[in-house]
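Values in this text are rule-based calculations from the coordinates and carry no lab data. These numbers were taken from a predicted model, which means no experiment stands behind them. A quick note on method: Cβ atoms are made from the backbone with ideal geometry, for glycine too, and the neighbour counts reach across all protein chains shown.
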Amino acid sequence: MMRTIKPQSSRFTVPSWVKWATLVLAVLLILAGAFVSWMYFEINQDRTAGQEEASQLALDRTDLADVDRISVYRGAKAIHIVEGKTSQGDSGLIFVDLKNKQILDEVFNEKIILKTELREKWAQECEGCNFKYIQYAYEENQPVYEITYIDEKNRYVLDYFKLSGESFDQRFAFRQN
């Protein structure tokens, strides 16, 4: 009597559809990762565009000797705001219009109220409000602070103050749906 040997099946044998599904999933994940990376770098490049040029313009045309931070305010036009120090150690703000390659305004520390002081002053005036953030801005050809918050009527509000802390006659309140 002849004995037939059963072929042993490996526990690692997988149906071909599982192999294809895994391969397709891996390719899709790689493509998605590449797309997300590309999007991140493109968006970040747009966000930081012009910062080096604004920094150099501020250093060349003003008393600033060192740049600490650069931010962009997008109002009627994009304004780069360069924060830095002079060689004497005085802090200052330079408002730069890169499109026209000009310095719009220079403000040094003795004229500026601190953001924390302005926030405390604002909090006393608007007790039922939910503070979001504060940033430098440039409205109606002058440097100002922009405070963003949600007021007691649940409106999203942009309120402007002069850098000295005085109220600036501009405020936008948007009703939230």
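If you go through the range 156-177 and keep only what is more than 20 Å from Leu114 (Cα to Cα) and of a type in the set (Ser, Thr, Tyr), you end up with just Tyr156. Please work out if Phe131 is of a type in the set (A, V, I, L, M, F, W, C), within 29 Å of Leu57 (Cα to Cα) and surrounded by 13 or more Cβ atoms within 10 Å (Cβ to Cβ). Taking the combined requirement at face value, the residue does not satisfy it.
Residue-by-condition table, conditions (1) without any contact (Cβ under 8 Å) to a residue 24 or more places away in the chain; (2) more than 19 Å from Ser55 (Cβ to Cβ); (3) of a type in the set (S, T, N, Q):
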position	(1), (2), (3)
Ile79	no, no, no
Lys101	no, no, no
Leu118	no, yes, no
Ala123	yes, yes, no
Glu140	no, yes, no
Ser164	no, yes, yes
Asp169	yes, yes, no
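Here the strands (runs of 3 or more DSSP E) wholly within the range 127-177 that include at least 2 residues being of a type in the set (Gly, Ala, Ser) are 167-175. The set of residues in the range 52-90 that are of a type outside the set (D, E, K, R) and surrounded by fewer than 16 Cβ atoms within 10 Å (Cβ to Cβ) comprises Gln56, Ala65, Ser71, Gly75, Ala76, Thr86, Ser87, Gln88, Gly89.
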